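The values are calculated or read from the model by the stated rules, or taken from the named source; none is laboratory data. Just so we're clear, the structure is a prediction, and the values are computed from it rather than from any experiment. All Cβ positions, glycine included, derive from the backbone under ideal geometry; neighbour counts span all protein chains shown. These accessible areas exclude ligands, DNA and RNA; they are computed on the full protein's heavy atoms, side chains included. Shrake-Rupley method; radii C 1.70, N 1.55, O 1.52, S 1.80 Å.
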Amino acid sequence: ITAQGNQIKLNVADNGPDFPKNPIYGTGLKSILEKLEILYPDNYEFAIFNHPEKRVEITITSEK
């Protein structure tokens, strides 16, 4: 977790196989996205990366 200015970035990474090109959003990811929309409507970004490392990144921007 890092903070810079009015943004907080949460990164979760592992060294397992890459995510599929079109990942399937199961119950866990759907739940996270629903919670982000309730808590931070239009103030977050959710991204999945395979390179340079496999990770999920959530960026939350405050309205300040």
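Each peptide in 16-22, 5-11 gets a packing score, the mean of other Cβ atoms within 10 Å over its residues, and the list from highest to lowest is 5-11, 16-22. Atom-type composition of the exposed protein surface of the chain places 56 percent of the accessible area on carbon and sulfur (1.4 angstrom probe).
Pairs of lysine in the chain with Cα under 22 Å and at least 8 positions apart or on different chains: total?
Counting lysine pairs in the chain gives 8.
Each residue of the stretch 8-21 is assigned a 3J(HN,Hα), and the resulting list reads 10, 10, 10, 10, 10, 10, 8, 9, x, x, 4, 5, x, 4 Hz, derived from the Karplus form 6.51 cos²θ - 1.76 cosθ + 1.60 (θ = phi - 60°), x at Gly and Pro. Computed on the chain, with alpha-carbon pairs under 8 angstrom and 6+ residues apart, the relative contact order is 45 percent. One quarter of the convex hull surface built on the alpha carbon atoms of the chain amounts to 5.0 nm², the projected area averaged over directions.
For the chain, the longest principal axis of the C-alpha atoms and the axis of helix 27-39 are separated by about 10°. Each Lys and Arg Cβ is given +1 and each Asp and Glu Cβ -1; about its Cα centre, the chain then shows a dipole of about 80 debye.
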